[in-house]
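Starting off with a structure, shown below.
The values are calculated or read from the model by the stated rules, or taken from the named source; none is laboratory data. Not measured: the values here are computed from a predicted model. Note that we place each Cβ from the backbone using ideal geometry, even for glycine, and neighbour counts take in every protein chain shown. Just so you know, the surface numbers come from the protein's heavy atoms only, side chains and all, with ligands and any DNA or RNA stripped out. Shrake-Rupley method; radii C 1.70, N 1.55, O 1.52, S 1.80 Å.
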Amino acid sequence: MAMQGGNQPLTVTNLNGEAGPAVVAPLLSVCDLSIRAGSLELVRGVSFDLQPGTMTALVGESGSGKSLMAQAILGLLDREVYAVTGSDLRFQGSRLGFDGNRLPKGFRGQLTGYVMQDPSSALDPTMTVGRQIAEMFVVHRGMDMRSALKEAARMLDFVRIPNAASRIGDYPHQFSGGMKQRVLIAMAVALSPRLLIADEPTTALDVTVQAEILALIEDLRVQLDMAVLIITHDFGVVYQCADRVMVMYAGKLVEGGETLQITENGRHPYTRGLIASIPDLDDLDRPVVAIPGQPPRPESSWIDSCAFHPRCAWKAERCLAEAPDMEQLDGGDIVRCFEWPRVVADARP
Ligand SMILES: Nc1ncnc2c1ncn2[C@@H]1O[C@H](COP(=O)(O)OP(=O)(O)OP(=O)(O)O)[C@@H](O)[C@H]1O
Ligand SMILES: [Mg+2]
């Protein structure tokens, strides 16, 4: 399928030729993505679609493979260290492949924007913030530096940095943590990408600044009509802004669906555990319960069992003997648990 230019999401009409609503094709389709480092299986069989213009949260504890998955999709993993495989990877309908060599021109920057997990290493301390943003316009749009700096000031204003025009000559150390995060977001969205992947964009920030950054990302999503994949270990982020949620555990997706479904009626015991471990401000009587135990280390082999079974209150004999496959349910929900009907039944009042 040919790439669509500009900022238009790919739309296909009813394939039967019938009159009816246009079907919007996924912006990103990932099928069976796996990542290995030597003998370690770090990400296993991940499949999902992202629809244009939507906000999806990828949630999971530290070490579950969230950042690796994002970097693999963007073709950023070092192939000398990581083997990335899968059956299909498509962006706007075009096949990208998993070797990182077939990415269309401008894939990173113009079509996709990336806010990496560690903001301190993402900005060059020796270069002014304005120049770092301006480089995006010089490299990708062929602008001269003077015009690019004007665009950089416009972008700083766009991400709500006060007195933007007077800040473009400042260096990163002159910005607070929240402001640096805004600068990184400005760089990621400078060229109006179709997809923004933001990896833990609020983790190192205090609660008020976290809320401001999330509100900014949500505003940008609407204004630029871009899809957002926000990576987090915090279900609070999910509640605040996501349309859909994917939950990852030990390198595999274990559940996915619309936010309301997942937060109110999650089927996987791990999802239930993550939600129970955060305070509910609307129901302060609800006890906060941490998930017992630790996630498995990547060198553990869980091929013959469910990786979550050592921590699971619903485990049955089968969970120790077999790894559950992903089940596709009505309405596009997915869940990887043999016992989910029992989990749902137990949660009924
Ligand atoms: N080259 C490597 N060799 C061995 N293990 C690795 C390598 N690279 C990553 N890992 C491991 O892979 C796992 C997944 O890493 P990843 O950074 O994707 O986790 P994450 O879900 O983003 O966690 P966090 O929430 O802490 O950012 C981690 O346990 C990490 O230690
Ligand atoms: Mg990470």
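Considering only segment 104-123, state which residues are without any contact (Cβ under 8 Å) to a residue 60 or more places away in the chain and among the aromatic types (Phe, Trp, Tyr).
Result: Phe107, single match.
Right, something else. Can you name the residue in segment 46-64 that is open to solvent by 10 Å² or more (accessible area, probe 1.4 Å) and small (Gly, Ala, Ser) and is also farthest from Ile291 (Cα to Cα) among such residues?
Across segment 46-64, the extreme among qualifying residues is Gly53.
Condition first: away from ligand 1 (no atom under 16 Å from the Cβ) and more than 10 Å from Val115 (Cβ to Cβ). Now tell me which residues in segment 193-212 satisfy that.
Passing the criteria: Pro193, Arg194, Leu195, Asp206, Val207, Thr208, Val209, Ala211, Glu212.
Now for a different question. Can you tell me which of Arg131, Arg146, Arg154, Arg182 is open to solvent by 10 Å² or more (accessible area, probe 1.4 Å), within 27 Å of the chain's Cα centre (by Cα), of a type in the set (Lys, Arg) and at pLDDT 95 or above?
One residue alone meets the criteria, Arg154.
Which one of these does Val344 not meet: (1) open to solvent by less than 50 Å² (accessible area, probe 1.4 Å); (2) over 26 Å from Ile35 (Cα atoms); (3) in a loop (DSSP other than H, G, I, E, B)?
For Val344, the failing item is (3).
Pairs needed: first member in segment 192-205, more than 12 Å from Leu28 (Cβ to Cβ); second member anywhere, open to solvent by 10 Å² or more (accessible area, probe 1.4 Å) and within 16 Å of ligand 2 (Cβ to nearest atom); C-beta distance under 6 Å; at least 6 residues apart or different chains.
As it stands, the answer is Asp199/Ser67; Asp199/Met116; Asp199/Gln117; Glu200/Gln117, since those pairs meet every condition given.
Only residues in segment 63-76 that are of a type in the set (S, T, N, Q) count as the first member; pair them with residues that are within 9 Å of ligand 2 (Cβ to nearest atom) and outside any helix (DSSP H, G or I), Cβ under 7 angstrom, at least 6 apart or cross-chain, and list the lot.
As it stands, the answer is Ser67/Gln117; Ser67/Asp199; Ser67/Ile231, since those pairs meet every condition given.
Which members of segment 259-277 meet the condition of being of a type outside the set (Ser, Thr, Tyr) and touching a helix residue (DSSP H, G or I) at 6+ places or on another chain (Cβ under 8 Å)?
From segment 259-277, those of a type outside the set (Ser, Thr, Tyr) are 260-262, 264-269, 272-276; that's our starting set.
Answer for segment 259-277, where residues must be of a type outside the set (Ser, Thr, Tyr) and touching a helix residue (DSSP H, G or I) at 6+ places or on another chain (Cβ under 8 Å): Gln261, Ile262, Asn265, Gly266, Arg267, His268, Pro269, Arg272, Gly273, Leu274, Ile275.
Take segment 192-208 and flag every residue that is within 12 Å of ligand 2 (Cβ to nearest atom), open to solvent by less than 10 Å² (accessible area, probe 1.4 Å) and either acidic (Asp, Glu) or outside any loop (DSSP other than H, G, I, E, B) (or both). Steps first, answer last, please.
Quick first cut of segment 192-208, residues within 12 Å of ligand 2 (Cβ to nearest atom) only: 197-201, 203.
Next cut, open to solvent by less than 10 Å² (accessible area, probe 1.4 Å) only: 197-199, 201.
Within segment 192-208, Ile197, Ala198, Asp199 qualify.
While we're on this one: Do we have Val237 as open to solvent by less than 30 Å² (accessible area, probe 1.4 Å) and either free of Cβ contacts under 8 Å to residues at least 12 places away in the same chain or within 16 Å of ligand 1 (Cβ to nearest atom) (or both) here? Let's see the steps before the verdict.
Values: open to solvent by less than 30 Å² (accessible area, probe 1.4 Å): yes; either free of Cβ contacts under 8 Å to residues at least 12 places away in the same chain or within 16 Å of ligand 1 (Cβ to nearest atom) (or both): yes.
So Val237 fits the description; yes.
Just one of Val43, Val81, Val30 is at pLDDT 90 or above, over 20 Å from Gly332 (Cβ atoms) and open to solvent by less than 50 Å² (accessible area, probe 1.4 Å); which is it?
Val43
Cβ-Cβ under 9 Å, sequence separation 6+ or interchain: first residue in segment 160-173 and closer than 23 Å to Asp118 by Cβ, partner of a type in the set (D, E, K, R) and surrounded by 18 or more Cβ atoms within 10 Å (Cβ to Cβ). Which pairs?
Going by the 9 Å Cβ cut-off, the qualifying pairs are Arg160/Arg182; Ile161/Arg167; Ile161/Arg182; Pro172/Lys180.
May I ask you to verify whether Ser94 is surrounded by fewer than 19 Cβ atoms within 10 Å (Cβ to Cβ) and under 16 Å from Ala25 (Cα atoms)?
Considered against the rule, which asks whether it is surrounded by fewer than 19 Cβ atoms within 10 Å (Cβ to Cβ) and under 16 Å from Ala25 (Cα atoms), Ser94 comes out as yes.
Select the helices (runs of 4 or more DSSP H) contained entirely in segment 251-327, then report the ones holding at least 1 residues which are open to solvent by less than 80 Å² (accessible area, probe 1.4 Å) and in contact (Cβ under 8 Å) with a residue 24 or more places away in the chain.
Output list reads 259-265, 269-276.
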